[in-house]
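Have a look at the structure below, then the notes.
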Amino acid sequence: MIGTLINFAAILAGGLIGLLAGNRIPLKVRQSLTSALGLFTLAYSVHLFSQTQNMLVPLSSIVLGTIAGEALRIEELLNSLGERIQQRVERGTNADSPDAQRFITGFVTASLLFCIGPMAILGSIQDGLVGDYQMLAIKSILDGITAIAFASTFGVGVLLSAAMVLVYQGAISLLAGAIGKGFDQSVILEMTSVGGVILAGIAISNLLEIKKIRIGSFLPALLIVVLIVLLLNTLGIAWS
């Protein structure tokens, strides 16, 4: 859970900076930092993908996972979940109180942005399985920069979103650690390589904004790759 704790601290730090001096940081600086982190994330995704022992395994996992993700409409489900949470919270907000509305909007918007996304899920699984928190460390920097901008606009509510990240990502990491104890190295390596492909999509779509990609549809590939590797190992098929 080290990665989640880093993420938690980064959001708090970014939120505090945003409250105290967020408006003094030029927009161009924030945009350039996001682009730089996008390029780094893309390079890191290549490093993760290179750990595969057979490119056909992540390829087949991504293809089958994307088909399953589109059939299950995961991208739409994630977006719908975010909209429902926001609507329910704002429904109970006192419309006559601008400060309360601002607080709720900051908390809900930041929580959804930091939690409802493939990088949060993927990084938490990686952290829980093998204790590799590098992906969450990258996310932490991104979230910290975003928290600066959000806190300067919406106020202290953004800081409370850090608690949501702590609970949400921490639970995923603990669950992944419990389930993954029986996995051998081949499973972990192929999951890592699939994660690299998904991370590349995040960099291209969300950070560099080169092309919009339905990243949520890729998520089933993380489960399918496990099933493929376990099946190959059970059948004794030499694939690596």
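Yes/no matrix, rows are residues, columns are (1) under 13 Å from the mean Cα position of the chain (by Cα); (2) modelled with pLDDT of 85 or more; (3) buried (at least 23 other Cβ atoms within 10 Å of the Cβ); (4) within 17 Å of LEU19 (Cα to Cα):
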position	(1), (2), (3), (4)
GLN134	yes, yes, no, no
SER140	yes, yes, yes, no
GLY144	no, yes, no, yes
ALA147	no, yes, yes, yes
PHE150	no, no, yes, yes
GLY155	no, no, no, yes
LEU160	no, no, no, yes
VAL167	no, yes, no, no
ILE172	yes, yes, no, no
*asked:* Restricting to region 96-108, and then to whatever is part of a helix (DSSP H, G or I) and modelled with pLDDT under 70, can you tell me which residue is most open to solvent (accessible area, probe 1.4 Å)?
replied: ASP99
*Could you tell me which residue of region 25-75 is nearest to ALA221 (Cα to Cα), considering only residues that are β-branched (Val, Ile, Thr) and in a loop (DSSP other than H, G, I, E, B)?*
THR52
*Among residues belonging to region 176-201 that are under 16 Å from the mean Cα position of the chain (by Cα) and open to solvent by 10 Å² or more (accessible area, probe 1.4 Å), point out the one that is nearest to LEU230 (Cα to Cα).*
MET191
_Residues that are loosely packed, with under 14 Cβ neighbours inside 10 Å and either in contact (Cβ under 8 Å) with a residue 24 or more places away in the chain or within 29 Å of ILE188 (Cα to Cα) (or both), drawn from region 23-52_ = ASN23, SER35, ALA36, LEU39, ALA43, VAL46, HIS47, SER50
*If you go through region 217-238 one residue at a time, how many are open to solvent by less than 30 Å² (accessible area, probe 1.4 Å) and more than 16 Å from VAL63 (Cβ to Cβ)?*
0
*Mind checking whether some residue in region 80-91 is modelled with pLDDT under 85, touching a Ser or Thr at 6+ places or on another chain (Cβ under 6 Å), open to solvent by 50 Å² or more (accessible area, probe 1.4 Å) and in a helix (DSSP H, G or I)?*
no
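The values are calculated or read from the model by the stated rules, or taken from the named source; none is laboratory data. No experiment lies behind these values; they were computed from the predicted model shown. All Cβ positions, glycine included, derive from the backbone under ideal geometry; neighbour counts span all protein chains shown. Ligands, DNA and RNA are excluded from the accessible area calculation, which covers all protein heavy atoms including side chains. Shrake-Rupley method; radii C 1.70, N 1.55, O 1.52, S 1.80 Å.
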